[in-house]
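Asker: Following this message is one structure expressed as C-alpha cells.
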Protein chains: 2
Amino acid sequence: MKSEEQFLQLIDTHFPHEHPFLKLGRGDDCAILAGDRDYCVTSDIFLEDAHFRHEYFTAADIGYKALAVNISDIAGMGAKPVAFTMDLMAPADLDDEFWDDFFKSMAILARQNDMVLAGGDLSRADKLGVSITAMGVAGGSGTFLTRGNVSPGDVLFTVGEIGLARAGFMTLEALKDKAREAFPAAVAAHLRPKPKVMVGTLLNAAGAKSLMDVSDGLARDLPRLLGPGLGADVTLAAESLNGNVLAFALGVGTDPVEEAFLGGEDYALLGAAAEDTMDKVSTVPGLTIIGTVTDTPGLVVNGKPFTASGFDHFDQ
Amino acid sequence: MKSEEQFLQLIDTHFPHEHPFLKLGRGDDCAILAGDRDYCVTSDIFLEDAHFRHEYFTAADIGYKALAVNISDIAGMGAKPVAFTMDLMAPADLDDEFWDDFFKSMAILARQNDMVLAGGDLSRADKLGVSITAMGVAGGSGTFLTRGNVSPGDVLFTVGEIGLARAGFMTLEALKDKAREAFPAAVAAHLRPKPKVMVGTLLNAAGAKSLMDVSDGLARDLPRLLGPGLGADVTLAAESLNGNVLAFALGVGTDPVEEAFLGGEDYALLGAAAEDTMDKVSTVPGLTIIGTVTDTPGLVVNGKPFTASGFDHFDQ
C-alpha cells in the first residue's frame with residue numbers, strides 16, 4: 001500500500017459512513033456524534049510484538065482483535081458500542097492483501113456490533129500499531145455498570161471462559177502453529193476473543209450492580225471490581241474450566257485453577273449482583289456464579305488465600 | 001519509568017479527574033462523557049521520526065504538540081475541546097525527568113483549554129508514539145463549522161501564520177539547534193503550534209460559513225475547504241508573510257509565496273464567509289482576507305494557476 005489516498009479508498013470500501021449516532025462522518029477536521037445521551041469512551045493500543053506477533057496472528061486476526069478489545073471495555077460497562085476512531089501506524093512492507101484482510105475482518109466485527117468508523121489518522125511506522133478509541137451508549141435504563149458499588153454478601157459471577165486465552169497465548173508462544181491442533185479452543189480465545197456486548201446489556205437490564213471486562217486476569221481484576229476494603233470468597237472448580245486449560249496445565253505441570261485465576265486477556269465479564277436480584281441476573285446465558293463479596297480484604301480461592309498477581313502487559 | 005503503576009501515578013499528579021463534561025473519569029473500563037450536546041471527535045498520531053525527532057524536540061515540546069494538533073482540529077470546527085483520551089507507546093529508555101516534562105507540558109495545554117484526560121492505554125514500544133482522541137462541543141449556537149458549504153463570491157480568510165511552520169521544519173532538519181537562533185519564530189511555529197480555539201469559536205459566533213485547520217498546507221487544504229466544482233482566486237503578498245519565511249526562502253533561493261502556499265503543519269485556520277457577513281467576521285482578531293471563491297475549479301494565486309501539491313506526511 002503506497003499512498004494515504006489508497007488507504008483511505010480501501011477504508012471507504014470496507015467501512016460505511018452512515019450511522020444513527022453519526023451526524024458527520026469521516027473527511028472533515030472532526031466527526032460529529034449525536035448528543036442526547038451520555039457516551040462511554042475507551043481507548044486501547046494493539047501493537048506488534050507487544051500485543052501480537054505476525055508469526056501466528058493473521059492480518060484478519062489483528063484487524064479483529066484490535067477492535068474487539070475496545071468493544072470488550074464497552075461490554076464491561078453494560079453498554080452498546082456505536083462508533084470508533086482508529087489511528088493506524090502502518091509499516092511500508094505490508095502488502096495490499098494484508099490490508100484488505102485486516103480491514104475486512106475489522107469491518108465485519110464493526111458491522112456485527114453496529115459500530116461506525118468515525119475517523120482516524122494514518123502514519124508510517126516501523127511496526128504495525130492500531131490505536132482505537134471506541135464510544136458506546138447505555139441501553140434503555142441509561143445506566144452504565146461501573147466497577148465498585150458492591151457490598152459484602154453480593155454474589156460474584158463471570159460470563160465467558162477463564163484462563164483459556166492465557167493457555168492459548170502460552171501455547172502459541174511455545175509451539176507456534178502446532179498449538180492450533182493441540183489447543184484449538186485456547187488458540188481461538190487468544191486470537192479472536194468474543195466481546196460480550198449482548199450479555200453485558202442483559203446483565204445491565206437484569207439489575208446487576210457492578211461489571212467489568214477481565215483483561216488482566218481474575219487475580220488482578222477482581223480486586224479492581226471490589227474496590228478497597230472488601231474481599232472475595234471464590235470457588236473455581238477445575239471441572240468448570242475448559243478442557244484446553246486442563247490439558248495445558250497438565251502439560252506444563254501446574255495447577256489449572258491457579259493458571260485460570262491468573263489468566264490474562266480473557267475478555268470475559270466479571271460482575272456482582274445483590275442476592276435478591278439473582279433470580280433475574282442468573283438467567284443471563286453463560287453466567288457462572290464464582291463466589292461472594294466479603295468484608296475482609298483479599299481473595300480466598302477454594303478456601304486458600306490467593307496472593308499472586310495476574311499478568312502485566314507493561315511491566316516486562 | 002519502570003512500571004505501569006508509576007506511569008498512572010505520574011499521570012494522576014498532572015491531570016485532574018474532574019470536569020463538567022466528565023461523569024466518570026479514569027480507572028474504569030470506560031470514562032463517561034455527559035450527554036445533551038453533540039460531540040465532535042478527532043484523532044491524531046504523533047510518532048517519533050514520523051512527526052518529531054528527539055534531536056530537536058524536547059520532552060515538553062512533544063507532550064505539547066501531540067495534544068495541540070488534536071485541539072487544532074476541534075478549533076477547525078469552530079468548537080471548544082472538552083476531553084481527550086491518550087494511548088501512549090513508551091520506550092523503556094526514557095527517564096523519569098522526560099516523562100515528568102512531557103506530562104507537565106501536555107497538562108498545561110490541557111488546562112489552558114479546559115480539557116480533561118478521560119482515559120487511555122499504555123504500552124511498551126521501540127519508538128515513542130502518542131495517539132490522542134479529542135472531543136469537543138459547539139458553542140452557544142450548537143453549530144459546528146464544517147468544510148464545504150461555500151458558494152462563488154464567498155470571501156476566503158485565514159487566521160495564523162502561513163508557511164512559517166514549514167520554514168521551521170526545514171531549517172530544523174537542515175541546521176538542527178542552530179535554527180533556533182536564525183529562525184526563532186519559524187522554529188517555535190513548528191515545535192509549539194498554537195491551536196486557535198478562541199478564534200474558531202468567534203468565527204462561528206460571527207457567522208462564518210465554513211472552517212478548517214490548515215495542517216497539510218494551503219495548496220492541499222484549500223481545495224478540501226472548497227469541495228468539488230469550485231475554485232479560488234487568492235492573493236498572498238510576500239509582505240504579509242512572516243520575516244522568517246522571507247529569510248528562509250531567500251536562503252534556499254525559492255519563491256516565499258510558493259513556500260508559504262505549500263506550507264504544512266501551519267495549524268492556522270482557513271475559512272469562508274458570505275460577503276454580507278464580513279462586517280462581523282472580519283472583526284475577529286488576526287483575520288486576513290486571502291481571496292474569493294470562484295466557480296472555476298483550481299487555485300489561482302496572485303493571478304497565476306497554482307498546481308503543486310502540499311506536503312504529505314505519509315507518502316514518503
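The values are calculated or read from the model by the stated rules, or taken from the named source; none is laboratory data. Everything quoted here is computed from the prediction, not taken from an experiment. Glycine also receives a Cβ, built like all others from the backbone with ideal geometry; neighbour counts cover every protein chain displayed.
Asker: Which condition number does A:GLY227 fail, the rest of (1) among the small types (Gly, Ala, Ser); (2) over 15 Å from A:PHE306 (Cα atoms); (3) in contact with a helix residue (DSSP H, G or I) (Cβ under 9 Å, 6 or more places away or on another chain) being met?
Answerer: Checking A:GLY227 against (1) among the small types (Gly, Ala, Ser); (2) over 15 Å from A:PHE306 (Cα atoms); (3) in contact with a helix residue (DSSP H, G or I) (Cβ under 9 Å, 6 or more places away or on another chain), the one that fails is (3).
Asker: Say whether the condition of being assigned to a helix (DSSP H, G or I), surrounded by fewer than 18 Cβ atoms within 10 Å (Cβ to Cβ) and under 20 Å from the mean Cα position of the chain (by Cα) is met by at least one residue in segment A:203-219.
Answerer: From segment A:203-219, those assigned to a helix (DSSP H, G or I) are A:203-206, A:218-219; that's our starting set.
Still in the list and also surrounded by fewer than 18 Cβ atoms within 10 Å (Cβ to Cβ): A:205.
Applying the additional criterion that residues be under 20 Å from the mean Cα position of the chain (by Cα) yields none.
Checking segment A:203-219: not a single residue is assigned to a helix (DSSP H, G or I), surrounded by fewer than 18 Cβ atoms within 10 Å (Cβ to Cβ) and under 20 Å from the mean Cα position of the chain (by Cα).
Asker: Tally the residues that are over 26 Å from B:ASP36 (Cα atoms) and among the polar types (S, T, N, Q), restricting the search to segment A:97-155.
Answerer: Adding up the residues that qualify gives 5.
Asker: Give me a count of the residues in segment B:130-150 that are facing chain A (nearest Cβ under 9 Å) and among the hydroxyl-bearing types (Ser, Thr, Tyr).
Answerer: Counting residues in segment B:130-150 that are facing chain A (nearest Cβ under 9 Å) and among the hydroxyl-bearing types (Ser, Thr, Tyr) gives 3.
Asker: Right, next: Give B:LEU175, B:LEU117 a once-over and let me know the one that is within 14 Å of chain A (Cβ to nearest Cβ) and among the aliphatic types (A, V, I, L, M). Lay out the reasoning, then the answer.
Answerer: On the way: B:LEU175 fails: within 14 Å of chain A (Cβ to nearest Cβ).
Sole residue among the options that is within 14 Å of chain A (Cβ to nearest Cβ) and among the aliphatic types (A, V, I, L, M): B:LEU117.
Asker: Also, I was wondering about something else. If you check every pair at least six apart or on different chains, which have Cβ atoms under 9 Å apart with a residue in segment A:283-303 that is outside any strand (DSSP E or B) first and a residue that is modelled with pLDDT of 95 or more and among the charged types (D, E, K, R) second?
Answerer: Hits for this filter: A:GLY286/A:LYS196; A:THR296/A:ASP233; A:GLY303/A:ASP233.
Asker: Turning to a different aspect of this structure: Mind listing whichever residues of segment B:35-75 are closer than 30 Å to A:GLY142 by Cβ and more than 17 Å from the chain's Cα centre (by Cα)?
Answerer: B:GLY35, B:ASP36, B:ARG37, B:ASP38, B:TYR39, listed by residue number.
Asker: Here's a follow-up. If I filter segment A:52-64 for residues that are of a type outside the set (A, V, I, L, M, F, W, C), within 11 Å of another protein chain (Cβ to nearest Cβ) and either buried (at least 24 other Cβ atoms within 10 Å of the Cβ) or closer than 18 Å to A:ALA186 by Cα (or both), do I get at least one hit?
Answerer: For segment A:52-64, residues of a type outside the set (A, V, I, L, M, F, W, C), within 11 Å of another protein chain (Cβ to nearest Cβ) and either buried (at least 24 other Cβ atoms within 10 Å of the Cβ) or closer than 18 Å to A:ALA186 by Cα (or both): absent.
Asker: Return a yes/no flag: does segment A:35-44 have any residue that is under 27 Å from B:ALA83 (Cα atoms), within 14 Å of chain B (Cβ to nearest Cβ), in contact (Cβ under 8 Å) with a residue 12 or more places away in the chain and surrounded by fewer than 24 Cβ atoms within 10 Å (Cβ to Cβ).
Answerer: Yes: one or more hits.
Asker: Given the residues A:ASP126, A:ASP93, which is the only one that is out of contact with any strand residue (DSSP E or B) (no Cβ under 6 Å at 6 or more places or on another chain), without any contact (Cβ under 8 Å) to a residue 40 or more places away in the chain and within 7 Å of chain B (Cβ to nearest Cβ)?
Answerer: On the way: A:ASP93 fails: within 7 Å of chain B (Cβ to nearest Cβ).
Of A:ASP126, A:ASP93, the one residue that is out of contact with any strand residue (DSSP E or B) (no Cβ under 6 Å at 6 or more places or on another chain), without any contact (Cβ under 8 Å) to a residue 40 or more places away in the chain and within 7 Å of chain B (Cβ to nearest Cβ) is A:ASP126.
Asker: Condition test on A:ILE32, is it free of Cβ contacts under 8 Å to residues at least 40 places away in the same chain, touching an Asp or Glu at 6+ places or on another chain (Cβ under 8 Å), part of a strand (DSSP E or B) and at the interface with chain B (Cβ under 9 Å from one of its Cβ atoms)?
Answerer: On the way: free of Cβ contacts under 8 Å to residues at least 40 places away in the same chain: yes; touching an Asp or Glu at 6+ places or on another chain (Cβ under 8 Å): yes; part of a strand (DSSP E or B): yes; at the interface with chain B (Cβ under 9 Å from one of its Cβ atoms): yes.
Yes; evaluated as a whole, the condition is true for this residue.
Asker: Just name the residue that is farthest from B:LEU109 (Cα to Cα) out of those in segment B:2-29 that are of a type in the set (A, V, I, L, M) and either at the interface with chain A (Cβ under 9 Å from one of its Cβ atoms) or buried (at least 19 other Cβ atoms within 10 Å of the Cβ) (or both).
Answerer: For segment B:2-29, the residue satisfying everything is B:LEU24.
Asker: Show the residue pairs meeting these rules: Cβ distance below 9 Å; 6+ apart or different chains; first residue within segment B:190-219 and without any contact (Cβ under 8 Å) to a residue 12 or more places away in the chain and not assigned by TED's automatic domain parsing to the domain that holds B:GLN112; second residue part of a loop (DSSP other than H, G, I, E, B) and surrounded by fewer than 24 Cβ atoms within 10 Å (Cβ to Cβ).
Answerer: Note: pairs meeting the criteria are B:MET198/B:PRO285.
Asker: For B:PHE84, state whether it is aromatic (Phe, Trp, Tyr), crowded, with 24+ Cβ neighbours inside 10 Å, under 19 Å from A:TYR39 (Cα atoms) and touching a residue at least 40 places away in the same chain (Cβ under 8 Å). Spell out the reasoning first.
Answerer: Details: aromatic (Phe, Trp, Tyr): yes; crowded, with 24+ Cβ neighbours inside 10 Å: yes; under 19 Å from A:TYR39 (Cα atoms): yes; touching a residue at least 40 places away in the same chain (Cβ under 8 Å): yes.
Yes.
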